[in-house]
Amino acid sequence: MYNMFAPVEAARLNNSFTNGLSRYTQANMSITLENGLYHVYSAPNLNTTDNGKTMWGGLRINNTGITGSQILTKGHTYIIKFHVKGQCSRSPEKFRWSYEMGWEGDSALATNPSNVTYNFIPNPFQGEMECFYKFTVSDDIYKTCSKTFGNFTAGNSYLSYHHFCFNYPYGNTGSLGVDLYLSDFRMYDLTGSTEKAFIDEKGTTQGTFFENNGYNKVSISKDTEVLSNNLYEI
């Protein structure tokens with residue numbers, strides 16, 4: 001399957017906020033690209049009483065920034081995946097699509113996907129894991145704004161599936177703070193896919209797409225994905 005986030009992944013590897021790879025930062029929410037890794041950081045033991053509302057933000061992937069136009073299709077099922085390593089005292093607030101990350105003020109523009117399943121960071125977290133967000137676009141890609149606010153005007157149509165968000169809220173950052181490194185951004189269109197991966201009794205793997213991502217061990221996931229730190233072609 002083709003990785004629809006390939007341009008996003010290329011931007012990460014080039015330490016460049018381009019090709020749809022973006023961020024939402026505040027004074028106490030830092031987002032940087034370091035040695036090809038997407039670093040989300042807030043210092044430990046911050047709180048709104050002493051530090052104000054300054055720690056909101058996180059990962060933002062701009063749908064239209066990837067190819068210049070929206071890449072999702074109504075009725076299709078997709079899965080978004082990425083790898084996370086590090087630590088945090090609490091889970092992120094949002095792990096979903098938004099019409100405007102950080103400036104939501106009109107429920108008429110909100111996304112309403114169906115068949116949503118996901119694997120999310122637990123609370124607290126120390127280690128590494130694969131995160132995924134699987135969904136079906138069962139609602140309209142564009143919606144009509146019901147009221148004027150910010151950069152939005154009532155009666156105009158806007159892209160509902162604009163930003164994919166993985167972000168932290170205001171609040172106590174806890175003893176671990178937020179210190180996460182994100183990598184291996186992927187999105188696959190699963191609609192009508194017949195691609196499968198197989199392993200025979202000799203341990204030989206057969207498939208249509210293989211990716212060497214530097215992991216410490218082989219991982220075989222549902223939705224036809226095989227990840228490994230070392231591949232031999234025969």
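Throughout, read-outs are computed from the coordinates displayed, never taken from laboratory work. Quick caveat: nothing in here was measured; it's all calculated off a predicted structure. Positions of Cβ are generated from backbone atoms using ideal geometry, with glycine treated the same way; all protein chains shown enter the neighbour counts.
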Using just the C-alpha positions of the range 6-192 as equal point scatterers, what log10 of I(q)/I(0) does the Debye formula give at each q in 0.09, 0.11, 0.13, 0.16 1/Å? -0.33, -0.49, -0.69, -1.04
Once fully extended, how much extra length lies between E130 and K74, figured as 0.36 nm per residue of separation less the alpha-carbon to alpha-carbon distance? 17.5 nm
Could you calculate the FRET efficiency of D50 with N119 from 1/(1 + (r/R0)^6), where r is the beta carbon distance between them and R0 is 25 Å, rounded to 0.05? 0.15
Could you check how many percent of all C-alpha pairs in the range 1-109 are farther apart than 19 Å? 53 percent
Given that compact globular proteins tend to follow 2.2 N^0.38 Å, what is the ratio of the alpha-carbon Rg of the range 92-152 to that value? 1.40
